[in-house]
Each structure stands twice: as C-alpha cells, then as structure tokens.
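Comments concern the structure below.
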Amino acid sequence: LLGNPYFTAEHKTTIMAKVLDQMERNRLYRIVRIYAINRRRLSPSQLCDALIEDLIGTTCYNSTEIKVRLIGETLEEVHKVGHKVMLLIDDAHELPTWTLKDLKKLQEIKGKFKVSLSIVLLGQPALLRRLQREVSLKEILERAQVVEIRGFKDPRDGNMEEARQYLAWK
C-alpha cells in the first residue's frame with residue numbers, strides 16, 4: 001500500500017518497475033501482471049485467464065472451476081522446477097469486494113503444503129481502510145502482510161535516501 005503526499009503515482013510506478021525488473025533479472029519470480037483497464041469489473045475468471053495465459057501461454061475457454069484446476073496443476077509444475085509465481089495487481093483499491101474475496105481463494109491453491117502463488121496488491125491507502133472496515137474482507141487482512149510506504153522525501157529536493165535504503169533492504 002502506497003500513500004504519502006509527496007509520493008505520487010508516478011513515483012509508485014517507477015519504484016514498482018525497478019523492483020520488478022530486479023526480480024525478473026534475478027529470476028526470483030515468474031510475474032503475472034493484471035492489465036485490466038476497468039478493475040472495478042475484474043472477475044475471478046479474468047484473473048484465471050491472465051494466470052493461464054502467462055504461465056502456459058494458451059487460452060482456456062472452460063468454466064472457472066476447470067481454470068482453477070489447471071492453474072493448480074500448472075503452479076505445481078512451476079514450483080517443481082524451483083520457480084515462484086507472483087500475481088501483481090496495481091490499483092487494487094479499485095477491485096470489487098467479490099474479486100478480493102476470490103483472490104484469497106486463488107492464493108489458497110497449494111502444492112504439497114506450500115503456497116504456490118503470491119499475490120501482491122498495490123493500491124492507495126483507501127485499500128487498507130476498506131480491508132479494515134468491511135467485515136467480509138477482514139479475513140484477507142488477517143492473512144496479508146501490509147507494507148505501507150511512508151516518509152519518503154520529496155524527490156524534487158534530491159533526497160531519496162530513505163527510498164534507496166528501503167529498496168536495498170527489500
């Protein structure tokens with residue numbers, strides 16, 4: 001979760017791009033990004049489609065249940081060769097409640113007691129407030145690791161040392 005009056009969407013995008021680039025170069029994760037234009041209408045089936053397309057390179061026209069089974073099998077295979085998979089959703093504060101709840105179900109797909117899918121939600125502070133406020137989403141918050149980036153200096157004054165230290169640590 002990113003929120004700071006001096007930390008604009010442009011900075012969030014830049015930091016996200018640098019972190020993802022580093023992760024891909026180090027082959028830490030196979031990253032699946034959601035590019036939906038209208039996240040308010042993003043369905044679980046569309047999330048499954050993105051995972052299948054990026055992991056297998058094909059399209060699946062079956063039911064969501066069949067898609068979830070295919071994702072489970074694929075995650076198991078990817079995990080066997082030593083890869084981790086990350087589903088990354090930017091502007092997650094725009095996601096509908098039912099999609100957030102279904103993300104939890106996707107994350108619960110396990111292979112041999114190991115979590116096979118990491119889900120990263122990037123959003124404005126409103127996402128955290130929503131997860132805290134809505135009773136049906138509290139279970140998601142209880143299972144999540146919340147990272148809130150605060151206190152970065154205005155990049156116009158040239159002092160981004162805190163941001164550099166944080167990214168080096170991560």
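The values are calculated or read from the model by the stated rules, or taken from the named source; none is laboratory data. All values reported here derive from a predicted model rather than from experimental measurement. Reconstructed Cβ throughout: ideal geometry from the backbone, glycine too, with neighbour counts over all protein chains shown. Heavy atoms of the whole protein, side chains included, go into the accessibility calculation; ligands, DNA and RNA do not. Shrake-Rupley method; radii C 1.70, N 1.55, O 1.52, S 1.80 Å.
Placing one identical point scatterer on every Cα of the range 8-110 and ignoring solvent, what is log10 I(q)/I(0) from the Debye formula at q = 0.11, 0.24, 0.25 Å⁻¹?
Taking Cα atoms of the range 8-110 as identical point scatterers yields -0.36, -1.42, -1.46.
State, to one decimal in nm, how far the label point of Gln22 lies from the label point of Glu65, with both points 7 Å from Cα in the Cβ direction.
Taking the two extended label points, one gets 4.4 nm.
Roughly how many percent of the accessible protein surface of the range 40-105 is carbon and sulfur, given a 1.4 Å probe and a whole-percent answer?
Solvent-exposed carbon and sulfur of the range 40-105 make up 48 percent of the total.
Among 20-33, 44-57, how do they line up from the highest to the lowest mean number of other beta-carbon atoms within 10 Å? Display every interim value, and only then the final one.
Working: 20-33: 13.3, 44-57: 17.1.
Order by mean packing, descending: 44-57, 20-33.
Rounded to the nearest 10 Å², what accessible area does Lys80 have for a 1.4 Å probe in the complete protein model?
Here the accessible area works out near 130 Å².
Of Lys18/Lys67; Lys67/Lys104; Lys84/Lys105; Lys105/Lys138, which ones are farther than 20 Å apart at the Cα?
Details: Lys18/Lys67 31 Å; Lys67/Lys104 16 Å; Lys84/Lys105 18 Å; Lys105/Lys138 14 Å.
Check vs 20 Å cut-off fails for Lys18/Lys67.
Roughly speaking, what is the stretch gain from Glu108 to Arg33, that is 0.36 nm per residue apart minus the C-alpha to C-alpha distance, in nm to one decimal? Can you show the working numbers first?
Working: separation 75, 0.36 × 75 = 27.00 nm, distance 1.87 nm.
This chain segment gains 25.1 nm when fully extended.
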